[in-house]
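Undergrad: Following this message is one structure expressed as structure tokens.
None of the figures in this text is laboratory data; all of them are computed from the coordinates on show. Given the structure is predicted, the values throughout are model-derived calculations rather than measurements. Positions of Cβ are backbone-derived with ideal geometry, glycine not excepted, and every protein chain shown enters the neighbour counts.
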Amino acid sequence: MVAGNWKMNKTLQEGTALAAELKNNVKNPTCEVVIGTPFIHLATVAEMLKGTPVHVAAENCADKESGAFTGEVSAAMVRSTGAEYCIIGHSERRQYYHETNDILREKVRLALANGLKPIFCIGEVKEEREAGRQNDVVRKQLEESVFCFTAEEFAQITLAYEPVWAIGTGLTATPAQAQEMHAYIRSLVNANYNAAVADNTTILYGGSCNEKNAAELFANPDVDGGLIGGASLVADKFMAIINAR
């Protein structure tokens with residue numbers, strides 16, 4: 001899978017123009033292609049891309065089903081737009097909006113209950129990496145948010161490892177660092193479920209992955225694609241990453 005995360009970028013007009021470019025150029029990809037758009041784009045872009053190889057994700061959803069939660073968007077609302085995926089637990093949501101593992105577990109539960117496929121993000125900050133705690137951090141994030149689900153439910157979840165120190169910094173985990181962590185994540189899935197579930201789990205790399213380093217990162221056996229930030233905002237760059245997979 002190659003999934004784009006537009007973050008808080010693109011007006012509705014700019015977003016639909018980018019979606020149109022992708023619609024015209026993504027014809028027979030060799031991987032699953034997903035774009036995560038701001039909420040205001042979802043219904044329009046999902047309708048534009050219906051029947052194409054490009055799938056649509058929300059960048060977030062609420063941890064409540066419905067009610068008096070001004071400004072929030074529920075999983076049911078996301079699904080009603082035609083979106084198929086939902087990015088949950090991105091490091092920016094954890095850092096800036098203080099989303100805990102308990103909150104994220106509820107978001108995943110509601111996404112699954114409403115027929116959405118979560119793209120669940122995990123990863124360590126710079127201080128945790130420098131202290132050698134990255135494995136402990138990632139294990140705790142998985143155990144407290146997604147390992148409570150059944151094997152059948154977990155099969156609907158895509159994992160995205162994002163070393164937070166590499167997001168938007170220009171730094172990138174080396175291919176060896178990415179492979180080491182992805183293999184560790186897969187071993188945790190194996191231990192919690194079984195080898196078949198682990199083998200079938202898609203684990204994406206996110207962290208300044210771009211058209212220049214994608215092929216080298218994706219060549220690792222446990223790196224199943226990427227969650228792409230800035231490079232997903234330019235059609236040519238995003239297409240190059242899709243083709244690298």
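Undergrad: In what sequence do Cys209, Cys31 fall when counting other Cβ within 10 Å, fewest first?
TA: With the fewest neighbours first, Cys209, Cys31 line up as Cys31, Cys209.
Undergrad: A further question follows. Asn5's amide H: which non-local residues (gap 5+, or another chain) put their own amide H closer than 5 Å, with H modeled 1.01 Å from N in plane and none for Pro or chain starts?
TA: Those qualifying (amide H under 5 Å, at least 5 residues apart or on another chain) are Gly36, Ile228, Gly229, Ser232.
Undergrad: Another question, if that's okay. Summing -39500 (n - 2.57) over the DSSP H runs of n ≥ 4 in the chain and dividing by its residue number, what mean residue ellipticity at 222 nm do you reach, to the nearest 500 deg cm²/dmol?
TA: For the chain, the value works out to -12500 deg cm²/dmol.
Undergrad: Which FRET efficiency value, to the nearest 0.05, is calculated for Thr70 and Gln95 with the Förster distance at 35 angstrom and r the Cβ-Cβ distance?
TA: That gives a FRET efficiency of 0.95.
Undergrad: Run the reach check for Lys212 against lysines, Cα to Cα strictly under 19 Å, same-chain hits fewer than 8 apart removed. What comes back?
TA: In chain and number order, the partners are Lys237.
Undergrad: Among 191-200, 153-162, how do they line up from the highest to the lowest mean number of other beta-carbon atoms within 10 Å?
TA: Going by the mean number of other Cβ atoms within 10 Å, highest first, we get 153-162, 191-200.
Undergrad: Positive end of the dipole of segment 1-115, charges at C-beta (+1 Lys, Arg; -1 Asp, Glu), about the Cα centre: which of Ala19, Cys86, Pro53 has its Cα farthest in that direction?
TA: Pro53
Undergrad: I've got another one for you. Given +1 on the Cβ of Lys and Arg, -1 on the Cβ of Asp and Glu, and no further charges, what dipole in debye does segment 97-151 carry about its Cα centre, rounded to the nearest 20?
TA: 240 debye
Undergrad: Determine, for Val26, Val137, Val45, the number of other Cβ atoms within 10 Å of each Cβ, and report the residues in order from fewest to most.
TA: Listing Val26, Val137, Val45 from fewest to most nearby Cβ atoms yields Val137, Val26, Val45.
Undergrad: Can you put Phe147, Phe218 in order, fewest other beta carbons within 10 Å first?
TA: Sorted ascending by nearby Cβ count, the order is Phe147, Phe218.
Undergrad: Starting from the exponent 0.38 and prefactor 2.2 Å, build the expected Rg for segment 112-226 from its residue count and divide its actual Cα Rg by it.
TA: 1.03
Undergrad: Among the chymotrypsin sites (Phe, Trp or Tyr not before Pro) in segment 1-83, which ones are in a DSSP loop with at most 13 other Cβ atoms within 10 Å of the Cβ? Mind listing them?
TA: Phe69
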